[in-house]
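Just so you know, all these numbers are worked out from the coordinates, no wet-lab data involved. All figures in this text were calculated on a predicted structure; none of them were measured in a lab. Cβ sites come from the backbone with ideal geometry, for glycine too, and all protein chains shown count toward neighbours.
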C-alpha cells in the first residue's frame with residue numbers, strides 16, 4: 001500500500017505520495033517529447049516568498065541565478081515566470097485525429113503536451129521542495145480528490161492547504177507592498193529586490209501534522 005502524507009523540507013511543507021512512480025492518473029499522461037514526467041506540466045511562477053527563501057542560503061542563491069539565466073524566464077514586477085515547453089503542433093494534430101484522451105477530470109487537453117522546465121523524465125522535479133511553488137508542493141490530482149474512497153480522509157489536507165495558501169498570499173502581498181514602497185520591482189531592479197528580500201526575516205508557518213491517508217494496493221492513482 002502507498003500513502004499520502006505531509007513532508008517537510010527546511011520547514012517548508014509539501015504533500016507527498018509514496019506511489020508517484022506507479023501512478024496511472026490520466027493527468028499524468030505525457031504525449032510530448034518528455035516521457036514519464038508525471039503530472040509536472042505547470043510553468044512555475046516564483047513569488048517573493050519563494051525568492052526570499054532562495055536568498056537566505058548559498059544553494060538557494062545558486063538556484064535563483066540559474067532560474068533567472070534560463071532562456072524561457074520572464075521577470076515581472078512581482079514574480080518570476082519560467083515557461084515550460086508546449087508542443088502545440090502535435091496537440092492540434094492529435095486533436096484533429098481524435099487521438100487526445102477526453103475525461104471529465106481533465107478540462108484542458110493541452111496538459112498532455114506541456115512539460116515543466118524543471119522536470120526530468122523518470123526522476124521527477126529537480127527543484128528542492130523548499131524552493132518550489134505551493135502549486136507544485138500541494139497539487140492533488142482531481143481523480144483522487146473526486147474518489148469517494150478518499151474524499152473524507154483528504155478533507156483535513158484540503159482545509160490545511162487552503163489555510164497555508166492564504167498565509168502565503170498574505171505574505172506575498174506584504175513583501176510586494178514593501179518592495180513598492182522602496183521603489184523596487186523584480187523586472188526593473190532585480191538585484192536590489194534580491195538584496196531587499198535577503199535582509200528581511202522569513203515568516204514561518206506552523207503547518208500541522210496530519211494523519212497519513214492510505215491508498216489501497218489496487219489503486220495506482222494518487223496525489
Per-q log10 I(q)/I(0), segment 1-93, q = 0.22 Å⁻¹ (Debye; single scatterer per alpha-carbon; no solvent): -1.19
Burial ordering of 35, 45, fewest other beta-carbon atoms within 10 Å first: 35, 45
Surface/4 estimate of mean projected area, convex hull on alpha-carbon atoms of the chain, nm²: 13.1
Angle between the chain longest axis and helix 58-68 axis [Cα atoms, degrees, rounded to 10]: 70
Approximate spin-label separation residue 126-residue 188, in nm, with each point projected 7 Å along Cα-to-Cβ: 3.4
Nearest 10 degrees, 0 to 90: helix 151-181 Cα axis against the chain principal axis: 30
Percent RCO, i.e. relative contact order, over segment 2-203, from Cα pairs under 8 Å lying at least 6 residues apart: 28
